[in-house]
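In what follows, a structure is listed as structure tokens, so that the remarks can point back to it.
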Amino acid sequence: MPVRMKQLEPFDLIVFGGTGDLAHRKLLPALYYRELDGQLHDNARIIAVSRRDLSDDEYREWARKSVASQVNGLCDLAMQRFMERITYVSLNVDENTGWENLEQVLAGREDITRAFYLSVSPKFFGPICSAIGEHGLVTEETRVTIEKPIGHDGESAHAVNETIGSVFKEHQIFRIDHYLGKETVQNLMALRFANVLFEPLWNSAHIDHVQITVAETLGVESRAGYYDTAGALRDMVQNHLLQLLCLVAMEPPESMEADSVRDEKLKVLKALVPMDEDRVNRNTVRGQYRAGASAGGAVGGYLEEVGNPHSMTETFVAAKVEIANWRWAGVPFYMRTGKRLASRLSEIVIQFKDLPHSIFLEEAGQIAANQLIIRLQPDEGVKMQLMIKDPGPGGMRLRKVPLDMSFAEAFKVRNVDAYERLIIDMIRGNQTLFMRRDEVEAAWKWVDPILEHWANDKEPPKGYTSGTWGPSASIALIERDGRTWHEE
Ligand code: NAD
């Protein structure tokens, strides 16, 4: 099926951290795909910035290899066009040198969209924004994108937002959470708000509980240094999992306008029941992986990998989250995320309530409550678990069957990476899928007390064997409520 695509207006996209891992794995391949689809105007440029001393051609060669390593079946023509629009600028943020090179490259292009993408360590967000301001590089049509993490607690996030806000207006700031750019996450909105079926059932009268799982099989890999100062709560829950929770729980926004959607998400964050000490003890579990097996091979434990035998950093979090409003009172949202788990899986499970009364005989079999399963990875899609009659003669026997919508299968389209969508939205100035400042700060406000109680807790995170579903306390967390984690 052909995809309808509108070409972008001319732009300059300036990628700070142009030689980094994110640029290599995500940003450059995403931009190449936009090139391939003819979405980039002839007068659109990509300006990679980093501290390394490279010529345009040396950088282009690096970029070409990056794209080739991530993309199957390159198109020579598209690649040639792509290379021609790339320029490289060497600039050192620490030493505050090289800014005049960037000024020169951007000069005379003040009328077109200027999009800065800060794909660098968060410690540079403030200094880069300040320097962009001091060098007079902010035009009417300028925007800036910042990557996670935004701060390591509420106070530091506030400080980052203040600095960026002193240079850019809120409508120019794009705080990326790439989960919001995922096809299935978008589909969650379509499912809820483009169908009449679900919305009347989307509340405590019909939904028993919700589960959000984001499971990785990888360990900390090359990010050990960063990860040991962050942990799963900061790295995953504060942003990705809470954003997913917001999309499930929010009221229907008035429209898809950025602020309509973000206002509704903010209301959910404000309605989260605060985590006092008692709730942290009862409703959260933190874990840390030990040696075990992952993806078929033996792997070491977290403490050895980060080289810090006393690390109290959690690589796993499970939490029971409550929302104090009319729609969700009494409906727990169970969240879990972790590294080195049994499989790579991200999904949202909406568990509907049991039937109020069964008209069927016992021989018909057990009636399982309906489930709506929204799968983010590995195979994006939506599945509805329904009860039907087993076909054929032999009386009324009931069976659970999935109504399965695997998007890549159903539409025969390439699975578009979240970054493709988000970069384009950012260049167009559409903030719907980006986090507003008050959302980020409200999320920290809920997370901060958990961090605080954990920091005061002398008991280390609970160990779990790599390749399992986390500490047994996570299973106990949900099972003591008479429920169980969804497993296929
Ligand atoms: P990286 O360490 O691989 O790359 C950092 C980049 O910054 C490099 O291009 C480097 O040359 C440049 N740089 C470092 N010091 C500099 C200086 N003094 N002056 C100018 N440039 C300098 O980092 P990354 O993994 O690409 O991550 C970039 C950002 O994206 C971070 O904020 C990270 O948290 C975020 N992020 C990364 C990923 C990922 O998968 N890599 C995922 C989510 C978020």
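Read-outs: derived from the displayed coordinates by stated rules, not from any lab. Treat the numbers as computed from the prediction; the structure is a model and nothing was measured. Neighbour counts are summed over all protein chains in view; Cβ atoms, including those assigned to glycine, are modelled from backbone coordinates with ideal geometry.
For this structure, a couple of remarks:
- Based on Cα contacts under 8 Å between residues 6+ apart, segment 343-450 shows a relative contact order of 18 percent.
- Subset of Lys148/Lys265; Lys182/Lys412; Lys169/Lys339; Lys320/Lys389; Lys265/Lys400; Lys320/Lys462 violating a 26 Å alpha-carbon distance limit: Lys169/Lys339; Lys320/Lys389; Lys265/Lys400
- Summarising the amide proton neighbourhood of His209: residues at separation of 5 or more, or on other chains, whose placed amide H is nearer than 5 Å comprise Gln351.
- From phi via Karplus (6.51, -1.76, 1.60), per-residue ³J(HN,Hα) for segment 460-473 in Hz, x at Gly/Pro: x, x, 6, x, 9, 6, 4, x, 10, 8, x, x, 5, 4
- Each principal axis of the Cα atoms in the chain has its own extent, and those three values, largest first, are 79, 56, 46 angstrom.
- Averaged over residues, the count of other Cβ atoms within 10 Å places the peptides 20-29, 55-64, 282-291, 123-132 in the sequence 282-291, 20-29, 123-132, 55-64, highest first.
- Restricting the calculation to Cα atoms, segment 186-228 shows an Rg/Rh of 1.28 when the hydrodynamic-style radius is the Kirkwood one.
- Annotation: aspartates and glutamates with alpha-carbon distance below 19 angstrom to Lys458 (same-chain offsets under eight excluded): Asp228, Asp276, Glu277, Asp278, Glu314, Asp448.
- Dividing the summed -39500 (n - 2.57) terms of all DSSP H runs of n ≥ 4 by the residue count of the chain sets its mean residue ellipticity at 222 nm at -9500 deg cm²/dmol.
- Mean separation of Cα pairs under 8 Å and 6 or more residues apart, divided by the residue count, gives the chain a relative contact order of 18 percent.
- Along segment 24-37 the Karplus relation, 6.51 cos²θ - 1.76 cosθ + 1.60 evaluated at θ = phi - 60°, assigns HN-Hα couplings of 5, 8, 10, 5, 5, x, 4, 5, 4, 4, 5, 4, 4, 7 Hz to successive residues, with x for each Gly and Pro.
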